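**Q** Have a look at this one.
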Amino acid sequence: MNNYTIDGSKLYSFIVSGARNLIVNEHGLNKINVFPVADGDTGTNLALTMKTILKKAQKDDHTNTTMSSIAKAAIENAYGNSGMIFAQYLNGLAIEIGSRTQLTQEEFVLATQNAVKYAYEAVSSPKEGTILTVMKEWSSDLKNHVSEEFETLLERSIENAKKTVDNTKFKLKVLMDNNVVDAGAKGFLYFIEGIYQYVKTGILDESHFKAATMEEHVEIIPNTDIGELRYCSQFLVQTEKDKEYFTKLMTPFGDSLVVSKRDEYVQIHIHAKQPEKVMATLVREGIVISSKVDDMQLQANLLHRRKSPIVIVTDSIADFPQEFAEREQITVIPLNLIVDSTVYLDKVTMTPEYFYKHLDDYRMNPTSAQPTQEHLERYLTGLIEQAESVIGIFVSSKMSGTFNNIVRNVNSLNVTKKISLIDSKVNSAAQGLVVMEAAKLRNQGLSHDEIVEKLEVIIKNTHIYVSVKDLKYMIRGGRVSKVQGIILSKLDLKPVISIDETGKGTIFAKTLSQKKAVKQILKKVSNDMREKGIMTYSLVYSDDIAHLNDFKKECKEIIGKDPAYIEAISPIVGLNAGKGAFAIAYIKDSQS
């Protein structure tokens, strides 16, 4: 037997080296990702999981303290199916290490083997030919040759792990059909290769890690019909209930279910049809700390059936039909909506229907918040990787920090592709119309620069006018000052809200009734129609579409055509507009 021992510092170096070797191979893994769905993000999910571990885990001289810190960071910040399984494996390592302050070689090998069962138990329907298989075979090989020198032991085990990864293409039909190995399995191989690299060289410098040369594959054209369970959803819940309880609770909502538990935190991954229903169920079971939802159908289409080399992205404040977003492959970054201390994803885990139904029942005033830097990086990294160029159209920077936040995030990525980030200087339906026009210009075959140039003119001619029925929502949300709100309320004035040319919200008119407010809006629409003409328009409402009945008829009479669309106002805008609100947005004809 040898005398190789592992303390907390050395174990931390193992994880760092493995993580960095996986991270540099992110894009290669995305290219071969076809299981469980061909959404092309396994590499990104694993890389982000590793990045968060590197950022949040703490090194200690004792192995138990170090591994506990790593497991906590992994469980609470895992991304995607493979990331969740990987996190549970690391959690298993922490459990198996227990209270040991250092490990012998034999104890380390035994811990790696026993950790596998935790990864398997986290998955509701484990499949062979995946990351699970490589974890199992690698640890078994370590055990079978545990008496060898540690460096020799790792080298041997990795050679066998490579064979196991190569064999995954024969374990699952979708891998065989596309002649690729499983991306998650390959990711784990990169991780253990990183550990071996450190043991062999003792080097942790990031410049030492280089992406592996990917095999040339025939173009992968997988089945991109994701089906009804199109939303890859994750939820971190603080709760006293156990893993088995949540596995049973979540099973009816979808498939690809992975549930992990550490301390009082449960992390849930599921492919669901209606993530908002999953969220509504979980908020009754504990405190939902965070959530992540990806549209796998959109991801698959952008990767394998991209409509155009130019990809358009916006935020959830833009109001337009879901059918349009799907047809034109528009990526929508959801903003955060905080309701009774729980963070929801605007339009995703908090839908307009549910929001307005319960708006007056909430204990605390709903507020908005920016997506986290990690969430933005996840959205933008995948988007930029898949596109040849990107045009982003975002809510007015004078009304939200979203635009500036995204600019900072994109700049930090140091990308070489052409990216144009546009301040729309509007919101809601007006922002939606600008996005719609961008898609039309793209479909006409205009270049990236031509689209951006025309959008500058379109934005100058885009307007929105909102009729607010009850000022209390705007007052408590801070959109109207308390002094101004008190004056308007005492006089029982109903304002018409608009946005000026700089993108700042403004009161367009103050009237004694909502009926008179509507007349002011229609007068403005009529004047603009007569002077410039109106190219297109849309209507939006908060809680009840019936509020639009008469307004819709009058708008059609003035403009001479139906609206491009009618949509509910997004919850994150509705928290200020409130119940009974409705609006018209339109683009004046710049050719007149």
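Every number here is computed from the coordinates shown, using simple stated rules; none is lab data. What you see is a predicted model; the values in this text were computed from it and never measured. Cβ coordinates were reconstructed from backbone atoms using ideal geometry, including for glycine residues, and neighbour counts include every protein chain displayed.
**Q** With label points built 7 Å along Cα→Cβ from the Cα atoms of Ser590 and Asn144, find their separation and express it in nm.
**A** About 6.8 nm separates the two model spin labels.
**Q** Something else now. Which shape class, rounded, prolate or oblate, goes with the stretch 218-360 when its Cα gyration tensor gives a ≥ b ≥ c as root eigenvalues, a/c under 1.5 marks rounded, and past that a/b bigger than b/c marks prolate?
**A** oblate
**Q** Apply 1/(1 + (r/R0)^6) to the Cβ-Cβ distance of Ser526 and Lys273, taking R0 = 35 Å, and write down the FRET efficiency to the nearest 0.05.
**A** Approximately 0.20, to the nearest 0.05.
**Q** Then there is this: Which one of Val415, Tyr190, Ile391 has its Cα pushed farthest toward the positive end of the charge dipole of the chain, where Lys and Arg give +1 and Asp and Glu give -1 at the Cβ?
**A** The Cα lying farthest towards the positive end belongs to Ile391.
**Q** Rounded, prolate or oblate, given the Cα gyration tensor of the stretch 274-427, with a/c below 1.5 counting as rounded?
**A** Since a/c reaches 1.5 and a/b is larger than b/c, the shape of the stretch 274-427 is classed as prolate.
**Q** Rounded to the nearest 20 debye, what is the charge dipole size of the stretch 510-590 about its Cα centre when +1 sits on each Lys and Arg Cβ and -1 on each Asp and Glu Cβ?
**A** 380
**Q** Turning to a different aspect of this structure: Straight-line reach from Lys425: which aspartates and glutamates fall under 16 Å, measuring Cα to Cα and dropping same-chain residues less than 8 apart?
**A** Answer for Lys425, where 16 Å is the Cα cut-off: Asp315, Asp319, Glu437, Glu453, Glu456, Asp500, Glu501, listed by chain and number.
**Q** Could you tell me the relative contact order of the chain? Use alpha-carbon pairs under 8 Å, at least six residues apart, and round to a whole percent.
**A** 12 percent.
**Q** Under a point spin-label approximation (7 Å from Cα along Cα-to-Cβ), what is the Ile507-Thr104 distance to one decimal in nm?
**A** About 7.9 nm, to one decimal.
**Q** Hey, got a sec? Which GluC sites (Glu not before Pro) in the stretch 372-456 land in a DSSP loop and have at most 14 other Cβ atoms within 10 Å?
**A** Answer by residue number: Glu388.
**Q** From the helices alone, meaning DSSP H stretches of at least four residues, give me the mean residue ellipticity at 222 nm for the chain, per-run term -39500 (n - 2.57), in deg cm²/dmol to the nearest 500.
**A** Here the helix-only value at 222 nm equals -15000 deg cm²/dmol.
**Q** Using r as the Cβ-Cβ distance of Glu557 and Phe324, and R0 as 22 Å, what FRET efficiency do you calculate, to the nearest 0.05?
**A** 0.30
**Q** Given points 7 Å out from each Cα along the Cα-Cβ axis, report the Thr5 to Ile287 separation in nanometres with one decimal.
**A** Placing both labels 7 Å beyond Cα along the Cβ direction yields 4.1 nm.
**Q** Checking the cross-link filter: which lysines have an alpha carbon closer than 20 Å to that of Lys292, excluding same-chain neighbours under 8 positions apart?
**A** Leaving aside lysines fewer than 8 places away in the same chain, those within reach of Lys292 are Lys51, Lys55, Lys56, Lys72, Lys243, Lys261, Lys273, Lys277, Lys347.
**Q** Further question on the same structure: Under unit Cβ charges (Lys, Arg +1; Asp, Glu -1), what dipole magnitude, rounded to 20 debye, does the chain have relative to its Cα centre?
**A** Dipole magnitude for the chain comes out near 2260 debye.
**Q** Which entry in [x] 173, 86, 67; [y] 88, 70, 45; [z] 90, 50, 40 matches Cα extents along the principal axes in Å derived from the coordinates of this structure?
**A** [z]
**Q** What order do you get for 148-156, 389-397 when each peptide is scored by the mean count of other beta carbon atoms within 10 Å, highest first?
**A** 389-397, 148-156
**Q** Using only the Cα atoms of the stretch 5-208, build the gyration tensor, take square roots of its eigenvalues as a ≥ b ≥ c, and label the shape rounded, prolate or oblate: rounded if a/c is under 1.5, else prolate if a/b is larger than b/c, else oblate.
**A** Verdict is prolate for the stretch 5-208.
**Q** Related question: Going 7 Å from the Cα of Lys417 along its beta-carbon direction, which residues of the stretch 291-331 have the amide nitrogen within less than 14 Å of the resulting point?
**A** Residues passing the 14 Å test: 299-314, 330-331.
**Q** Checking the cross-link filter: which lysines have an alpha carbon closer than 19 Å to that of Lys162, excluding same-chain neighbours under 8 positions apart?
**A** Lys31, Lys127, Lys136, Lys143, Lys171, Lys186, Lys200, Lys210
**Q** Ok, one more. With a cut-off of 8 Å between alpha carbons and a minimum separation of six or more residues, what is the relative contact order of the stretch 227-304 in percent?
**A** Relative contact order here is 45 percent.
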